[in-house]
Ligand code: NCD
Ligand code: ZN
């Protein structure tokens, strides 16, 4: 049995770091594990311009511990009103790397999102021309659509159209949760990739209701049936460069999760690489983890690999059940359980 593994220092291509006092709580945890992270722009107000992203990046950098090398990669929030010129500014910038497309109303702080695909077609055309990446939250937003069907319907209704109309657009389908999304990405050209979270590799929708309701397993897109989890595990460990690491770690204060209407988002930054190791180990694919965690994402974004390495050891340990969070606390995904790998 393999008891340790050395990986290139990994990257997280989808993380929520929030703002203000919350940054000091979560940035050090991400910076400890990852050399870089693509930071989501769903703040209030959203980060819609390169200039706002530059300011946000400075605020993030102030929370990076001085002994750690960490570089925030910035994503801009795409809205109906994003000017075509902003695309060129992203292309010229050395820290902004993508636009994030939230269908309006799909998830936390998505009210400023895109209300109809047609409204952003000129911007998508410019992104295709400049080689700027579009990151997509892939769910339909009709409130009458069953929450478990929203991603598959988006693949059929929107992703296929974007891929057909912009055949060279670089696109990352974020936090995929279904067989349909995995198949769409696998069947597309090299310009279309996907991130996969640890929770979608480790849990299925029954996990949310095991022994009672478990709010810290609730995120969007919601966990799906076991057959979808199996399809994601297969994709992540397939060796295909189209699938790479993006935690979607999304901190919310405990009170907002353990509430009569709990917020969507799982917090995993404190033990992300260990959670992925557990998932890969479960299918005897530890030899595929390095590419998934530290090579494929960087290659897709046209970035060099990070300098440095991390070592994981097989060791049973219990992560903290709460983390300080701007005067409140965060309860992580791992609450109440042990992990079998540990970063040293
Ligand atoms: C994210 C958040 O809290 O910002 N929540 C989530 O459930 N994933 C938003 C998102 O990425 O959908
Ligand atoms: Zn997210």
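A short reminder: the numbers here are calculations on the coordinates, not readings from a lab. Owing to the predicted nature of the structure, the values given are computational and were not obtained by experimental measurement. When we count neighbours, we look across all protein chains shown, and the Cβ atoms used for this are built from the backbone with ideal geometry, even at glycine.
Observations on the structure shown:
- Cα-based Rg of the stretch 1-136 normalised by 2.2 N^0.38 Å, two decimals: 1.12
- Orientation-averaged projected area, Cα convex hull of the stretch 71-133 (nm²): 4.3
- Mean-square fluctuations from a GNM of the chain, with a 10 angstrom spring cutoff on Cα atoms, peak among 280, 70, 209 at 209.
- Summarising the overall dimensions of the stretch 226-292 from its C-alpha atoms, the Rg and Dmax are 14.4, 43 angstrom.
- Alpha carbon Rg of the chain, scaled by the compact-globule rule 2.2 N^0.38 Å: 0.91
- Dimensionless Rg over Rh [the stretch 158-261; C-alpha; Kirkwood]: 1.03
- Efficiency of FRET between residue 230 and residue 161 - r from beta-carbon atoms, R0 25 angstrom, step 0.05: 0.35
- Space enclosed by the convex hull of the alpha-carbon atoms of the stretch 179-319, per residue, Å³: 131
- When the convex hull of its Cα atoms is projected in every direction, mean area for the stretch 210-251 (nm²): 3.9
- Across every direction, the projection of the convex hull enclosing the Cα atoms of the stretch 1-57 has a mean area of 5.1 nm².
- Rule-of-thumb Rg ratio for the stretch 256-344 [Cα; 2.2 N^0.38 Å; N residues]: 1.29
- Relative exposure of 195, 66, judged by other C-beta atoms within 10 Å (fewest first): 66, 195
- Extension gain, residue 256 back to residue 84 (0.36 nm per residue minus Cα-Cα distance, nm): 58.3 nm
- Build a GNM of the chain with springs between Cα atoms under 10 Å apart, and of 206, 107, 237 the one that fluctuates most is 206.
- Potential extension, residue 21-residue 283 segment - 0.36 nm per residue separation minus Cα distance: 90.4 nm
- As a length-normalised measure over Cα pairs under 8 Å and 6 or more apart, the relative contact order of the chain settles at 20 percent.
- Modelled FRET efficiency - R0 35 Å, residue 58 with residue 315, Cβ distances, 0.05 increments: 0.40
- In the chain, the calculated helix contribution to ellipticity at 222 nm averages -8500 deg cm²/dmol per residue, counting -39,500 (n - 2.57) for every DSSP H run with n ≥ 4.
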